[in-house]
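The values are calculated or read from the model by the stated rules, or taken from the named source; none is laboratory data. Bear in mind the structure is a predicted one, so any value in this text is a computation, not a measurement. Please note: Cβ atoms are built from the backbone with ideal geometry, for glycine as well, and neighbour counts cover all protein chains shown. The accessibility values were calculated without ligands, DNA or RNA, using every heavy atom of the protein model including side chains. Shrake-Rupley method; radii C 1.70, N 1.55, O 1.52, S 1.80 Å.
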Amino acid sequence: MKERPSFPAKLNTGKHAATPKKLSTNVAAGFGLDSSTVRARMVQKLAQQGIEDARVLEAMGRIERHRFVDSALANQAYEDTSLPIGLGQTISKPNVVARMMTLLRQAPSIKNHSLGRVMEIGTGCGYQAALLSLLAQEVYSIERLRGLYNKARENLRPMRLPNVHVIFGDGMLGYPQGAPYSAIIAAAGGESIPQAWIDQLEIGGRIVAPMQDAVGKQALLVVDKTAQGLKQMLLEPVLFVPLKSGVA
Ligand code: SAH
């Protein structure tokens with residue numbers, strides 16, 4: 001109830017008067033109109049949580065997260081929570097998605113510019129690929145599970161994002177056809193950065209990926225490829241599904 005005062009007054013009228021925080025689970029019936037307001041509130045929260053990059057916040061305000069999750073979960077789409085997307089996989093919390101994209105944009109060579117060619121490992125339902133399409137020139141997103149690859153393509157098709165390329169394959173091998181990349185972002189956590197990602201990253205480029213330490217705890221890892229070699233920064237703990245090799 002604490003959030004109520006910041007909720008736009010116009011939502012407190014008409015059929016939503018009694019439950020301004022709850023969204024209808026019936027996505028088909030007019031969810032779209034309300035969702036921009038709920039998204040604006042999510043963006044406001046992200047800003048309060050320390051996400052300061054205006055381009056990232058704008059993208060989070062534009063892409064309709066509820067379209068990427070099962071309709072039964074659509075009422076939770078703008079909560080700061082991870083959600084199941086099928087086949088044992090999850091879509092990350094909006095806060096973590098926003099944080100990772102902010103880190104990509106903070107790469108020394110990218111700062112204040114659009115991202116060039118970006119590779120995403122783990123398309124999942126396609127949500128982050130859609131966000132990246134607003135921040136990058138080209139997005140190459142790879143998914144190893146056929147079922148999710150198909151789902152992501154279905155989710156993305158009506159959005160008509162010509163700069164998003166969804167690829168079925170093992171992202172641990174990267175995607176040389178799209179290389180070199182100015183940024184690589186992984187939505188699944190492994191034990192080390194695959195050599196293919198380093199090889200396919202341009203000098204000045206940055207990788208942001210969840211990585212496991214020796215005792216199996218995950219944290220966000222930032223790797224910058226410079227003319228002098230690789231520079232690594234280990235940041236806050238995170239919880240991602242495992243990076244797996246091969247396709248299924
Ligand atoms: N970015 C996604 C989140 C997906 S969850 C979204 O917005 O929905 C992580 C995904 O990584 C899962 O779908 C999993 O199948 C995929 N994955 C794990 N290892 C992979 C690999 N080696 N190559 C490609 N995808 C992989």
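Applying the set (1) touching a His at 6+ places or on another chain (Cβ under 8 Å); (2) in a loop (DSSP other than H, G, I, E, B) to ALA74 leaves exactly one unmet item: (2). Flag not set for MET233, criterion: assigned to a helix (DSSP H, G or I) and either open to solvent by 30 Å² or more (accessible area, probe 1.4 Å) or among the basic types (Lys, Arg) (or both). Within segment 129-153, residues that are touching a residue at least 40 places away in the same chain (Cβ under 8 Å) sit with their Cβ atoms under 6 Å from residues that are acidic (Asp, Glu), at 6+ positions apart or across chains, in these pairs: ARG144/ASP170. What residue, among those in segment 200-215 that are within 16 Å of the ligand (Cβ to nearest atom) and without any contact (Cβ under 8 Å) to a residue 40 or more places away in the chain, is nearest to TYR140 (Cα to Cα)? Ranking the qualifying residues of segment 200-215, first place goes to ILE207.
Filtering segment 216-239 down to residues that are farther than 20 Å from TYR181 by Cβ and of a type in the set (A, V, I, L, M, F, W, C), which residue is farthest from the ligand (Cβ to nearest atom)?
Looking at the filtered set, the residue picked out is LEU234.
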